[in-house]
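Chemist: Below you will find the structure I want to go over with you.
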Amino acid sequence: MLVSADCRISLSAPSCLRGSSGLARHIKLSSFCNGELMGKKLNLAQLRSSSTNFSKKRIQMSLTSVAGESKVQETESEKRDPRTVASIILGGGAGTRLFPLTKRRAKPAVPIGGAYRLIDVPMSNCINSGINKVYILTQYNSASLNRHLARAYNSNGVGFGDGYVEVLAATQTPGEAGKKWFQGTADAVRQFHWLFEDARSKEIEDVLILSGDHLYRMDYMDFVQDHRQSGADISISCIPIDDRRASDFGLMKIDDKGRVLSFSEKPKGDDLKAMAVDTTILGLSKEEAEKKPYIASMGVYVFKKEILLNLLRWRFPTANDFGSEIIPFSAKEFYVNAYLFNDYWEDIGTIRSFFEANLALTEHPPAFSFYDAAKPIYTSRRNLPPSKIDGSKLIDSIISHGSFLTNCLVEHSIVGIRSRIGSNVQLKDTVMLGADFYETEAEVASLLAEGKVPIGIGENTKIKECIIDKNARVGKNVIIANSEGVQEADRSSDGFYIRSGITVILKNSVIRDGAVI
């Protein structure tokens, strides 16, 4: 804040395109002249009446300037007050693109990074942003998700103060309309709209809509503050994106102030080409803009509470989805603002993206890291011992706690909690989700004596380009390599699927000794 001698105050405020990187910032100047400072009229004539009062004038102006600056700081603080924000994390649909990992669990409950679950990402972002009023909407396979949330965030010592974490499961209510399950993301929020008319929600001004299957680290209050400063009714967090992936996302066109002019959900062909824009407006260089000519929605939104309720209940009462209906319709009638998030973000929506995002964690340095002491990713407290590694070689890999590795080679892989890897095993480009429980040494010996397979990977087994789900039992002398390059296969009776060329060993499945996949 700059204060000149004539009481002119300049407040520099980033424009609608303020993002996490600080790119594409424009400066607005607000001037308060003729002695009017933040709405308070100063009697400058009296101050100028005598030169003998010059020093007093300087003192009064200094005090007023400090008061004005304090007022600005209070206003900025109000705009960042997380107590006035509630977040809704969407549990997702049936998760068909992540099948078979979603065969018995909701998408947000899918393990990632060896020791976490996808739901931990938005939950931790909320905690690190100071937002302590969180709802999670669930419908499909929600048992393991509910269990994890209860263990991690209701009894783990994570402080929510006067806030709460509540799981809202799809339910039926009296009346014809109440017989329907969630029909989409917007309908899910609509069915619980009454929560925001409750007494404890009276101080809520904005509602943050989040997805439970994304990987990123974000300060949501930066996003909310930008939303409030822009005066928008709705704000959409967005990223620049290339041609290869553009058709998988909602795309938008914006003006030079960041206002969304049009929005198209997952366009194809000519419709896709029509959404190309000059992304230098976001602050990208000319070379970067040529590589990424589209602006994609992250599926992360901020709504003014009253606007959200009005849209869902009155303006678009039959619209079921935010991305394909509410946002495109609203862009024509309301002020919808784009917020640039120029950092790592990945939609974990397919087996391929899940596989690649996990292995990317082993890079040097990784594009995303769970190792951030200032903004940690929280998860369930398991009280597991350190991993025990005996005579093994590890290359560019992550080994989670409570694991046992014996005389094996692990390269460019993720090894989940409580994993057991036997002697002479070769693991490469593999994501191993671990186990939910241990088998004792006596139990392992008994299973082997009976010709059965214990949890983990048996000796002399070679595995590459594979996802091994929890509690899987892979026997001795097994080869999993998909040497024929099969892209899609359903071999559930044999304990595995192949999706996008990646072999997925099912949860609790058994791969017998000597099997070749």
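The values are calculated or read from the model by the stated rules, or taken from the named source; none is laboratory data. Keep in mind that this is a model prediction, so the values were computed, not measured. For neighbour counting, all protein chains shown are included, and Cβ atoms are generated from backbone atoms with ideal geometry for every residue, glycine included. Just so you know, the surface numbers come from the protein's heavy atoms only, side chains and all, with ligands and any DNA or RNA stripped out. Shrake-Rupley method; radii C 1.70, N 1.55, O 1.52, S 1.80 Å.
Chemist: Of all the residues that make up region 143-196, how many are under 30 Å from residue 314 (Cα atoms) and either at pLDDT 80 or above or surrounded by 14 or more Cβ atoms within 10 Å (Cβ to Cβ) (or both)?
Modeler: The initial filter retains those residues of region 143-196 that are under 30 Å from residue 314 (Cα atoms), namely 163-196.
Narrowing further to those that are either at pLDDT 80 or above or surrounded by 14 or more Cβ atoms within 10 Å (Cβ to Cβ) (or both): 163-170, 182-196.
Residues flagged as under 30 Å from residue 314 (Cα atoms) and either at pLDDT 80 or above or surrounded by 14 or more Cβ atoms within 10 Å (Cβ to Cβ) (or both) within region 143-196 amount to 23.
Chemist: Go through 282, 361, 340 for me and flag whichever is under 24 Å from the mean Cα position of the chain (by Cα) and farther than 19 Å from residue 254 by Cβ. Steps first, answer last, please.
Modeler: Numbers: 282 fails: farther than 19 Å from residue 254 by Cβ; 340 fails: farther than 19 Å from residue 254 by Cβ.
Result of the check over 282, 361, 340: 361.
Chemist: Turning to a different aspect of this structure: Between residues in region 451-466 that are over 24 Å from residue 355 (Cβ atoms) and modelled with pLDDT of 95 or more and residues that are assigned to a strand (DSSP E or B) and open to solvent by 80 Å² or more (accessible area, probe 1.4 Å), which pairs lie under 6 Å by C-beta distance while being six or more apart or on different chains?
Modeler: none
Chemist: For region 114-141, enumerate the residues that are in a loop (DSSP other than H, G, I, E, B) and surrounded by fewer than 21 Cβ atoms within 10 Å (Cβ to Cβ). If you could, list the steps in order and put the result at the bottom.
Modeler: As a first pass, look at region 114-141 and keep what is in a loop (DSSP other than H, G, I, E, B): 114-115, 118-119, 130-132, 139-141.
The answer is 130, 132, 139, 140, 141.
Chemist: While we're on this one: Kindly establish whether residue 298 is touching a Cys at 6+ places or on another chain (Cβ under 7 Å) and either open to solvent by less than 10 Å² (accessible area, probe 1.4 Å) or at pLDDT 90 or above (or both). Spell out how you get there, then give the answer.
Modeler: On the way: touching a Cys at 6+ places or on another chain (Cβ under 7 Å): yes; either open to solvent by less than 10 Å² (accessible area, probe 1.4 Å) or at pLDDT 90 or above (or both): yes.
Considered against the rule, which asks whether it is touching a Cys at 6+ places or on another chain (Cβ under 7 Å) and either open to solvent by less than 10 Å² (accessible area, probe 1.4 Å) or at pLDDT 90 or above (or both), residue 298 comes out as yes.
Chemist: The conditions are (1) at pLDDT below 75; (2) closer than 23 Å to residue 94 by Cβ, and residue 136 fails exactly one of them. Which is it?
Modeler: Every condition holds for residue 136 apart from (1).
Chemist: Kindly indicate whether any position in region 397-415 is on the phi < 0 side of the Ramachandran plot, assigned to a loop (DSSP other than H, G, I, E, B) and in contact with a helix residue (DSSP H, G or I) (Cβ under 9 Å, 6 or more places away or on another chain).
Modeler: Going residue by residue through region 397-415, those that are on the phi < 0 side of the Ramachandran plot are 397-401, 403-406, 408-411, 413-415.
Add one more test, that the residue is assigned to a loop (DSSP other than H, G, I, E, B), and what stays is 397, 400-401, 403, 408, 413.
Subsequent filtering for residues that are in contact with a helix residue (DSSP H, G or I) (Cβ under 9 Å, 6 or more places away or on another chain) retains 413.
There is at least one residue in region 397-415 that is on the phi < 0 side of the Ramachandran plot, assigned to a loop (DSSP other than H, G, I, E, B) and in contact with a helix residue (DSSP H, G or I) (Cβ under 9 Å, 6 or more places away or on another chain).
Chemist: For region 381-417, give me each residue that is open to solvent by less than 10 Å² (accessible area, probe 1.4 Å), touching a Ser or Thr at 6+ places or on another chain (Cβ under 6 Å) and small (Gly, Ala, Ser).
Modeler: 403, 413, 416
Chemist: Could you check region 199-222 and list, in sequence order, the residues that are open to solvent by 40 Å² or more (accessible area, probe 1.4 Å) and either of a type in the set (Phe, Trp, Tyr) or under 12 Å from residue 305 (Cβ atoms) (or both)? Let's see the steps before the verdict.
Modeler: Just the residues of region 199-222 that are open to solvent by 40 Å² or more (accessible area, probe 1.4 Å), to begin with: 199-200, 202-203, 205, 217, 222.
Listed by number, the residues that qualify are 202, 203, 205.
Chemist: Moving to a separate point now. Of the conditions (1) farther than 22 Å from residue 193 by Cβ; (2) crowded, with 17+ Cβ neighbours inside 10 Å, residue 288 satisfies every one except a single condition; which number is it?
Modeler: Answer for residue 288: the failing condition is (2).
Chemist: Another question about this same structure. Go through (1) buried (at least 18 other Cβ atoms within 10 Å of the Cβ); (2) closer than 14 Å to residue 432 by Cβ for residue 377 and report which single condition fails.
Modeler: The one condition residue 377 does not meet is (2).
Chemist: Additional query: I'd like to know if region 89-108 contains one or more residues that are at pLDDT 95 or above, over 25 Å from residue 488 (Cα atoms) and open to solvent by less than 50 Å² (accessible area, probe 1.4 Å).
Modeler: yes
Chemist: Could I ask something else about it? Could you grab me the full set of residues in region 319-344 that are hydrophobic (A, V, I, L, M, F, W, C) and open to solvent by less than 20 Å² (accessible area, probe 1.4 Å)? Full working, then the answer.
Modeler: Our first condition is that a residue be hydrophobic (A, V, I, L, M, F, W, C); within region 319-344, this holds for 319, 322, 326-327, 329, 331, 334, 336, 338, 340-341.
Across region 319-344, the qualifying residues are 319, 322, 326, 327, 331, 336, 338, 340, 341.
Chemist: Could you check residue 379 against (1) at pLDDT 95 or above; (2) under 23 Å from residue 109 (Cβ atoms); (3) among the β-branched types (Val, Ile, Thr) and say which number it fails?
Modeler: Result: residue 379 passes all but (1).
Chemist: Among the residues of region 258-280, is there at least one that is under 22 Å from residue 217 (Cα atoms) and either in contact with an Asp or Glu (Cβ under 9 Å, 6 or more places away or on another chain) or surrounded by fewer than 17 Cβ atoms within 10 Å (Cβ to Cβ) (or both)? Outline the logic, then answer.
Modeler: In the first step, residues of region 258-280 are kept if they are under 22 Å from residue 217 (Cα atoms); the result is none.
So far as region 258-280 goes, no, none of its residues is under 22 Å from residue 217 (Cα atoms) and either in contact with an Asp or Glu (Cβ under 9 Å, 6 or more places away or on another chain) or surrounded by fewer than 17 Cβ atoms within 10 Å (Cβ to Cβ) (or both).
Chemist: Take region 353-373 and flag every residue that is in contact (Cβ under 8 Å) with a residue 40 or more places away in the chain and more than 24 Å from residue 101 (Cα to Cα).
Modeler: Taking region 353-373 first, the residues in contact (Cβ under 8 Å) with a residue 40 or more places away in the chain are 354-355, 357-359, 361-362, 368, 370, 372.
Listed by number, the list holds a single entry, 372.
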